[in-house]
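The values are calculated or read from the model by the stated rules, or taken from the named source; none is laboratory data. Keep in mind it's a predicted model, so treat the numbers as computed, not measured. Cβ atoms come from the backbone with ideal geometry, glycine included; neighbour counts cover every protein chain shown.
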Amino acid sequence: MVEKALEIARGYKQHPAFENYMAGFRDYYEEVFKLLPQSAKTLELGCAYGILALMLKLRGDMVITSDMTTEYTNLKMLRDNGILFVKNNIEKQDLKHKFNLITMTEVIEHLNSNPLPAVKRLHNALHEGGRLFVSTVMKEAHGDTTSMNSGKKGLWNELNDWHDIPEYKGKWMDEHTFHYDQWNLITLLTEAGFEIEKVGNINNFSHYIIGKK
């Protein structure tokens with residue numbers, strides 16, 4: 001499915017980093033796609049280039065995408081393919097729609113403040129029985145945030161537990177702020193009200209977790 005999505009995307013002007021990004025993440029998207037249950041209405045949160053959104057649309061989901069920025073997203077590509085884009089900061093804003101599936105791939109490590117309020121917002125935005133899929137780089141494999149920030153320490157690099165992350169009131173930082181181990185993810189989704197259905201890893205690069213409302 002990823003090849004069909006890439007064929008569509010390459011028909012539009014993309015961010016200069018697009019091809020390098022996809023060279024590294026093509027197989028990752030294939031594995032994520034296999035893990036996602038069919039959904040009547042899906043939100044891709046933190047959509048970036050929109051490749052996963054295209055893949056989900058191609059399989060028949062109704063798809064809405066959301067991100068804090070449009071820097072990486074060709075909005076015309078999304079519109080032409082029947083995908084709605086909504087600009088949203090999940091750390092500060094509730095979602096206005098209800099979904100059967102929400103995906104949050106390689107996003108949670110970018111949150112600037114304690115993640116629990118944001119994950120609770122996602123729980124509230126799901127229909128009963130709906131699912132949240134979260135993936136994030138494996139702390140056990142990649143170490144602290146310096147490995148993904150060109151040697152720079154992220155905001156909460158020195159912390160070991162997401163419970164200790166405070167509310168951040170400064171200018172938003174576009175970086176890896178905190179790396180999660182598997183137990184961090186399990187406790188976070190559980191405390192947000194989710195029943196944990198499945199945990200695992202993707203190509204020994206990222207943890208993933210699926211929570212059910």
When you go through LYS139, LYS213, LYS198 one by one, which is the residue that is in contact with a helix residue (DSSP H, G or I) (Cβ under 9 Å, 6 or more places away or on another chain), within 14 Å of ILE108 (Cα to Cα) and either surrounded by fewer than 21 Cβ atoms within 10 Å (Cβ to Cβ) or of a type outside the set (A, V, I, L, M, F, W, C) (or both)?
LYS139
Give the number of residues within the stretch 120-131 that are touching a residue at least 40 places away in the same chain (Cβ under 8 Å) and under 17 Å from ASP67 (Cβ atoms).
2
Tabulated pairs, the stretch 74-96, first within 23 Å of LEU111 (Cα to Cα), second of a type in the set (A, V, I, L, M, F, W, C) and surrounded by fewer than 19 Cβ atoms within 10 Å (Cβ to Cβ), C-beta under 6 angstrom, 6+ apart or interchain
PHE85/LEU75; ASN89/MET68
Restricting the stretch 186-213 to residues that are of a type in the set (A, V, I, L, M) and not in a loop (DSSP other than H, G, I, E, B), the one nearest to PRO115 (Cα to Cα) turns out to be LEU188
Specify which of the listed residues (ASN157, ASN201) is under 16 Å from the mean Cα position of the chain (by Cα) and of a type outside the set (Asp, Glu).
ASN201
Report, ordered by the first and then the second residue, all pairs with beta carbons closer than 7 Å, sequence separation of six or more or different chains, a first member in the stretch 26-45 that is of a type in the set (Val, Ile, Thr), and a second member that is assigned to a helix (DSSP H, G or I) and at pLDDT 95 or above.
VAL32/LEU52; THR42/LEU56
Looking for something within 17 Å of the chain's Cα centre (by Cα), surrounded by 19 or more Cβ atoms within 10 Å (Cβ to Cβ) and in a strand (DSSP E or B) - is there at least one such residue anywhere in the stretch 23-34?
no
